[in-house]
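Only one structure is covered here, and it is reproduced in the block below.
The values are calculated or read from the model by the stated rules, or taken from the named source; none is laboratory data. Here the structure is a predicted model, which is why all the values come from computation and not from measurement. Neighbour counts are summed over all protein chains in view; Cβ atoms, including those assigned to glycine, are modelled from backbone coordinates with ideal geometry. Please note that ligands, DNA and RNA were not included when accessible areas were found on the heavy atoms of the full protein model with its side chains. Shrake-Rupley method; radii C 1.70, N 1.55, O 1.52, S 1.80 Å.
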Amino acid sequence: AAATTTTEPPRPNGLSSSLSKTTEEDGIELQQQQQQRPPSSSSSSPSSESESESKSKRDAAWESRYSQLLRFRSTHGHSDVPYKHRDRTLAVWVTYQRRSRRAGTLRPDRIVRLDALNFRWESKSSPWTDRLNELARVGRVHGGRYEVPP
C-alpha cells in the first residue's frame, strides 16, 4: 500500500501543525479528566459556601441592627434615629436603609418590617422641621404675620 501524503493548509498566525496537534491532544486530555471527576454539587463549592456564609453574616448583622432599632423605638417612642445619636452605628445603619430603599436594593420583607415601626423613609423630615414648615405655611396664609397665641 502506498502511503499518501496530504498537504495541510497553512495555519493562521503561523502555527505549525505540530503545535496545533499538541494543543488538540491537550484539549482532549483535559476533556477526559473533566469527565472522570465526580460531579460536584454547587452547594459544596468553596465559592458557594463563602457566598452563603457572607449572606448569612449580612442577614445576622441586619437583624442585630433591627433589634437595636426596636430598643431605640421602645425608649424614645419613635424610630427616627438622629444622625448624631450616641450609637453612631445605628444612625449610619438607618441612613443606609433609607438609601437602599431609594436605590431599590432593600428587600421587600425588610421594608415591611421597617414600615411596621413607622420608620421615616425621608430623613430630612423631623418633628421640629414639620412644625417649622407648618409655621411657614401659617405665615404665608396670614400675610407674613407669625402671631402665635400664648
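On the accessible surface of the stretch 56-138, probed at 1.4 Å, how many percent belong to carbon and sulfur atoms? Show your work: numbers first, answer last.
Working: 3070 of 5670 Å².
C and S fraction of accessible area: 54 percent.
The accessible-area ordering, largest first, of the residues 54, 79 stands as 54, 79, per a 1.4 angstrom probe.
I'd like the GluC sites (Glu not before Pro) in the stretch 49-150 restricted to DSSP loop residues with at most 13 other Cβ atoms within 10 Å, sorted by number.
Answer by residue number: 122, 147.
Averaged over its residues, the stretch 56-138 has an accessible area of 68 Å² per residue, based on protein heavy atoms and a 1.4 Å probe. In loop segments of the stretch 69-126 as defined by DSSP, the chymotrypsin sites (Phe, Trp or Tyr not before Pro) with at most 13 further C-beta atoms inside 10 Å of their C-beta are 83, 121. Label sites at residue 57 and residue 122, each approximated as a point 7 angstrom past Cα along Cα to Cβ, lie 3.8 nm apart.
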